[in-house]
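Participant: Take this structure first; my questions come after.
The values are calculated or read from the model by the stated rules, or taken from the named source; none is laboratory data. On a predicted model such as this, the values are computed, not experimentally measured, just so you know. Note that we place each Cβ from the backbone using ideal geometry, even for glycine, and neighbour counts take in every protein chain shown. Note: areas computed on protein heavy atoms with side chains; ligands, DNA, RNA excluded. Shrake-Rupley method; radii C 1.70, N 1.55, O 1.52, S 1.80 Å.
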Amino acid sequence: MAEKILEIRGLTKEYHMGQVTVHALRGVDFSIYAGEFVVILGPSGSGKSTILNICGGIDSPTAGSVLYRGDDISGYKPKQLTLYRRSAVGFVFQFYNLIQNLTARENIALAGELGGSPIPPSELLEQVGLGERGGHFPSQLSGGEQQRVAIARAIAKNPDLLLCDEPTGALDFSTGVSILRVLRDFNIRYGKTVAVITHNSGIADMADRVLKVRDGLIEEEIENASPLPPEEVRW
């Protein structure tokens with residue numbers, strides 16, 4: 001059995017909006033193992049983004065624990081959380097959030113400075129198929145190219161865990177597949193853990209394991225004995 005990189009136990013999250021309490025998570029339990037590709041699948045409002053934000057140290061739970069390699073980050077102080085986000089976790093979002101006055105190479109290099117063993121920007125640009133585009137600014141790149149730069153930026157610091165929030169949501173099908181290929185390649189080439197949250201059930205076919213989320217709970221957990229390559233995924 002592979003090492004548990006994340007262990008989630010009894011996770012709850014409540015948001016208070018005036019006199020109304022919204023129960024985003026209702027006692028979630030699951031684990032994510034080193035080196036696997038996990039899809040967290042659910043409709044809008046199911047709680048999957050809340051799970052990702054808490055696992056990444058962006059948000060804090062109301063109750064429960066989040067253990068990263070056995071250490072409970074839910075009790076971390078702000079400086080400890082900042083160090084966790086800087087050293088252990090990479091984030092990919094639906095929108096690219098690149099620094100507009102930096103080139104693709106500079107965006108990647110800046111992120112790499114946060115990690116202790118960064119991956120060279122030139123290597124990452126080649127890996128994401130943009131070896132000749134490193135000197136271009138975000139405004140000179142297509143949406144798919146910007147998302148590739150955003151992924152390269154997220155993995156530049158060589159994180160243990162890559163968390164992806166609807167990374168294909170703003171892209172057409174063929175571009176989305178190319179992004180999934182980049183994510184899977186990172187997972188395989190570097191042996192790193194990748195977790196993708198999505199509402200798109202087709203993407204689940206490429207996962208090693210699928211966690212289905214509904215109404216703030218893990219509804220079902222599926223082991224995928226034969227994950228599809230990204231090129232065969234359809235939606």
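Participant: Residue by residue through the stretch 70-76, what is 3J(HN,Hα) from phi via Karplus (6.51 cos²θ - 1.76 cosθ + 1.60, θ = phi - 60°)? Round to whole Hz and write x for glycine and proline.
Facilitator: Rounded to whole hertz, the list is x, 9, 7, 6, 5, x, 5.
Participant: In whole Hz, with x marking every Gly and Pro, tabulate ³J(HN,Hα) for the stretch 50-60 from phi via Karplus 6.51 cos²θ - 1.76 cosθ + 1.60, θ = phi - 60°.
Facilitator: 5, 4, 4, 5, 6, 4, x, x, 7, 10, 10
Participant: Positive end of the dipole of the chain, charges at C-beta (+1 Lys, Arg; -1 Asp, Glu), about the Cα centre: which of F95, L171, G202 has its Cα farthest in that direction?
Facilitator: Among F95, L171, G202, the one farthest towards the positive end of the dipole of the chain is F95.
Participant: Also, I was wondering about something else. Say we join alpha carbon atoms closer than 10 Å with springs in a Gaussian network model of the chain; which of A204, A225, A170 then has the biggest fluctuation?
Facilitator: A225
Participant: To continue, here is another question. Identify all lysines with a Cα-Cα distance to K13 below 25 Å; exclude those on the same chain that are fewer than 8 residues away in sequence.
Facilitator: K4, K48, K77, K79, K212
Participant: In debye, nearest 20, what is the charge dipole magnitude of the chain about its Cα centre with +1 on Lys and Arg Cβ and -1 on Asp and Glu Cβ, if you could check? Don't skip to the answer; put the middle values down first.
Facilitator: Working: 23 positive and 28 negative charges, 113 e Å.
Approximately 540 debye in magnitude.
Participant: Would you pull out the residues with amide H under 5 Å of V92's amide H, same chain only if 5 or more places away, H placed 1.01 Å from N?
Facilitator: L163, C164, D165
Participant: If the only charges are +1 at each Lys and Arg Cβ and -1 at each Asp and Glu Cβ, what is the size of the charge dipole of the stretch 1-109 around the Cα centre, to the nearest 20 debye?
Facilitator: Rounded to the nearest 20 debye, it is 200 debye.
Participant: Solvent-accessible area per residue for the chain at a 1.4 Å probe radius, Å²?
Facilitator: 45 Å²
Participant: Same structure, new question: Rg/Rh for the stretch 12-55: what does it come to with C-alpha atoms and Rh from Kirkwood? Could you put the intermediate results ahead of the total?
Facilitator: Values: Rg = 12.6 Å, Rh = 12.0 Å.
Looking at the stretch 12-55, the ratio lands at 1.04.
Participant: What value in Å³ per residue do you get for the convex hull of the alpha-carbon atoms in the stretch 1-79?
Facilitator: Values: hull volume 8.3 nm³, N = 79.
It is 105 Å³ per residue.
Participant: What ranking, highest mean first, results for peptides 177-190, 74-87 when packing means the other Cβ atoms within 10 Å averaged over each residue? Numbers along the way, then the final one.
Facilitator: Working: 177-190: 18.6, 74-87: 13.4.
The packing order, highest mean first, is 177-190, 74-87.
Participant: Still on this structure: Given a Förster radius of 45 Å and the C-beta distance between E113 and S44 as r, what FRET efficiency does 1/(1 + (r/R0)^6) yield to the nearest 0.05? Provide the component values of the computation, followed by the final result.
Facilitator: Working: r = 35 Å, r/R0 = 0.79.
Efficiency computed from Cβ-Cβ geometry: 0.80.
Participant: Then there's this: Using alpha carbons only, how many angstrom separate the centre of the stretch 1-17 from the centre of the stretch 66-98?
Facilitator: 13 Å
Participant: Just the C-alpha atoms of the chain: what Rg/Rh do they give, with Rh taken as the Kirkwood radius? Provide the component values of the computation, followed by the final result.
Facilitator: Numbers: Rg = 17.3 Å, Rh = 18.1 Å.
Checking Rg against Rh, the ratio lands at 0.96.
Participant: With a point put 7 Å past each Cα toward its Cβ, work out how far D208 is from E132 in nm, to one decimal.
Facilitator: 3.6 nm
Participant: Quickly estimate the mean residue ellipticity at 222 nm for the chain, helices only: each DSSP H run with n ≥ 4 gives -39500 (n - 2.57), and the total goes over all residues, rounded to 500.
Facilitator: Only helices count here, giving -8500 deg cm²/dmol.
Participant: Can you tell me which of 152-158, 43-49, 113-119 comes out highest on packing, and rank the rest after it, using the mean Cβ neighbours within 10 Å?
Facilitator: Numbers: 152-158: 23.6, 43-49: 18.1, 113-119: 13.0.
Highest mean packing first, the order is 152-158, 43-49, 113-119.
Participant: Pop out the Kirkwood hydrodynamic radius of the stretch 83-130 from its pairwise C-alpha distances, inverse of mean 1/r, in Å to one decimal.
Facilitator: Details: mean 1/r = 0.0850 Å⁻¹.
Value: 11.8 Å, from the Cα pair sum.
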